Each structure stands twice: as structure tokens, then as C-alpha cells.
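Everything below concerns the one structure shown next.
Nothing in this text is a laboratory measurement; each read-out follows from the coordinates by a stated rule. Computed from a predicted model, the values in this text were never measured in an experiment. Don't worry about glycine lacking a Cβ; one is built from the backbone with ideal geometry, like all the others, and counts go over all protein chains shown.
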Amino acid sequence: MDREQLMKEAVNIRAKAYVPYSEFPVGAALLSRSGKLYTGCNIENSAYSVTCCAERVAIFKAISEGETEFTEMAVAADTKRPVPPCGACRQVMSEFFPKDMKIHLANIHGVSRTFAMEELLPFSFQPDDLNDSGS
Ligand SMILES: O=c1ccn([C@H]2C[C@H](O)[C@@H](CO)O2)c(=O)[nH]1
Ligand SMILES: [Zn+2]
């Protein structure tokens, strides 16, 4: 699947978003190395803080299906600039995505920017940091 199609999938899955509070639907489309597509939309809750963003829904769907390797992601929302993922999502992305993996951030008007994982969250806490002692 090409980049344009992946961005279209991200735009389209916004229709499934559960966003009664923000009325701000977001869509994410994630490609696994095996070529399978995992989409996600944001799912809100009346206890606002337990809301899950579109990006994490897509990632967790894929992980729960046994996927471990990813090659590309697209995120889309009705924003002026390409939608920036929140900090929580960037941390989750950095756990599963290679540093050079491309993430396409887009708005529904066709404006997009592509970032490498490392650019979205430099110097991120990584699994290895749990084991390495400082001395
Ligand atoms: O990249 C983003 C930014 C925000 N949201 C969601 C969280 C909340 O439901 C709504 C407003 O912040 O948009 C996402 O899903 N992804
Ligand atoms: Zn988020």
C-alpha cells in the first residue's frame, strides 16, 4: 500500500471515532511488515482522562493480533496543520517503531508532513533503559 492510500485509510476511519465530548475525530492507519493494515480511531469516555487516541488504538489492535514489526503509519484530523500526535502516543510509538520508521501526519485537506520516529520523540525512554545501570 502506498503513502497516499495509507493517508486515505487514516482519513476514512475517522467516521468510526467515538468523540461525543471533543467532537474531534482522529484516524490512524498502521502498516505491519507483513503488509497488513490496522486502523484506529479515537475513543473517548465520560471520565475524560481514560480516552484512547487513534494512534494507540491502531497500535494496540496490531499488537493484540500478534504483530511486532511495523513499517509505516499515517494519522489524520481536521486540523489546520498536519495533526501532531500527543506525548503519550509518541512514547507508545517509540516502543514499537524503529527509529527511522516514517510517520505521515496529515489533515483532511491533504496537507501532510512526514517524520521519522526519532524526530517525533528524540531521546525517548526505551526498554533498555530499565536494565542499564548508570555506573
Ligand atoms: O493525535 C491525536 C490528537 C488527539 N487525539 C484525540 C484525543 C481526544 O479524543 C481528541 C481531542 O484531544 O483527539 C487523537 O486521537 N490523536
Ligand atoms: Zn495520543
| Rounded tilt (10° steps) of 3-13 against the dominant C-alpha axis of the chain | 60 degrees
| So how strong a dipole does the chain carry about its Cα centre when Lys and Arg Cβ are +1 and Asp and Glu Cβ are -1, to the nearest 20 debye? | 500 debye
| remark: Here the percent of antiparallel bridges among DSSP beta bridges lying wholly in the chain, to the nearest 5, is 70 percent
| request: Could you count how many Lys pairs in the stretch 3-130 have their Cα atoms under 18 Å apart, skipping same-chain pairs fewer than 8 positions apart? | output: 7
| Length gain on complete extension for the stretch LYS99 to MET1, per 0.36 nm per residue less the alpha carbon to alpha carbon distance? | 33.2 nm
| How many percent of the alpha carbon pairs in the chain exceed a separation of 21 Å? | 38 percent
| Alpha-carbon centroid distance for the pair the stretch 1-56 / the stretch 97-120, whole angstrom | 15 Å
| task | Let me have the 222 nm mean residue ellipticity of the chain computed from DSSP H runs of 4+ only, each contributing -39500 (n - 2.57), with the sum over all residues rounded to the nearest 500. | result | -7500 deg cm²/dmol
| query | In the stretch 53-121, what percentage of the DSSP-assigned beta bridges are antiparallel, given to the nearest 5? | reply | 45 percent
| Going by alpha carbons, how many degrees (0 to 90, nearest 10) lie between the helix axis of 54-64 and the longest principal axis of the chain? | 60 degrees
| task | Quote to one decimal, in nm, the extra length available between TYR18 and ILE43 on full extension: 0.36 nm per residue of separation minus the C-alpha distance between them. | result | 8.5 nm
| field | 0 to 90° range, to nearest 10: angle between helix 87-96 axis and the chain longest Cα axis | value | 60 degrees
